[in-house]
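Take this structure first; my questions come after.
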Amino acid sequence: MPAHRNSLNPEGSPTRPAPLRLGVNIDHVATLRNARGGVHPDPLRAAHLAIEGGADGITAHLREDRRHISDTDISRLKNELTRPLNLEMAATDEMLQIAIRHVPNACCLVPERREERTTEGGLDVQGSVKTLKPFVAKLQDAGIRVSLFIEPDIKTIEAAAAVGADIVELHTGRYCNLALEHDAAGVARELERHAKAARAAAAAGLEVHAGHGLTYNTVKPISRMPEMAELNIGHFLIGEAIFGGLSAAVRRMRLLMDEARDEPFRVGRTG
Ligand code: PXP
């Protein structure tokens, strides 16, 4: 299997794509813990179970209002995890200091609005090139890979390359919402946008990730995109864990991703 991250061998003919990593987002274990203010359930214990189920890494979003993950969670995850930590955060001075203190494997920069329930859209990279460029450089100087959470949009990808990001994470929220509404035309349109964006990002030298709202039903078409290197999935897996345990939920998601990786990618394939 080629070591480089897209699916083309040096002669340019398609081969089996590189393996797709799964990052499990454990924010909502902390949401449940915080509902009662104690220590149970413990996000670190959840992280260990996710890894047991096949997670390649753990993702956690330290929000400015600390509504779920806490500063202590981040330090415990960083110190005790056996797999890479992906820290999601807003591009603020406070978060920059925290990231530099803990040196996670990667930081995913996300837009943040206090009134939102979840991260509702991608970063405005084009409108923030001046501030993002030095911010990205400071994280990279500390040895942290930098990802930008963006809409699957070509101009935004060009801007992400211009600010020096290592990775773009494509926001799959709209695709997943349309799938929930059984809007077949909308789903096909969104998948096409993601496929184009993934190709453009890989061509610009960016590693391609995706996430938000993914479920057992929506993970396969995204996983088949050959440029895709990592998916970050949280809410659905934590919800499923209530019914069958977290390791089992992660194991099933991993299996679907691996199956999809062995199936041919075809433009227009939605299921
Ligand atoms: N990726 C990013 C950048 C996110 O902000 C989130 C949500 O915190 C996710 C992935 C995971 O989304 P979900 O919890 O809907 O699976």
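Looking at G213, G239, G245 in this structure, which one is surrounded by fewer than 20 Cβ atoms within 10 Å (Cβ to Cβ) and under 20 Å from V110 (Cα atoms)?
The match here is G213.
Next question, about the same structure. Looking only at residues that are touching a residue at least 60 places away in the same chain (Cβ under 8 Å) and of a type in the set (A, V, I, L, M) in segment 33-92, which one is farthest from G245 (Cα to Cα)?
Checked segment 33-92; the qualifying residue farthest from G245 (Cα to Cα) is A55.
Just the residues that are surrounded by fewer than 17 Cβ atoms within 10 Å (Cβ to Cβ) and in contact with a strand residue (DSSP E or B) (Cβ under 9 Å, 6 or more places away or on another chain), please, taken from segment 51-77.
E64
Throughout, read-outs are computed from the coordinates displayed, never taken from laboratory work. In this text, all values refer to a predicted model and were calculated from it rather than measured experimentally. Please note: Cβ atoms are built from the backbone with ideal geometry, for glycine as well, and neighbour counts cover all protein chains shown.
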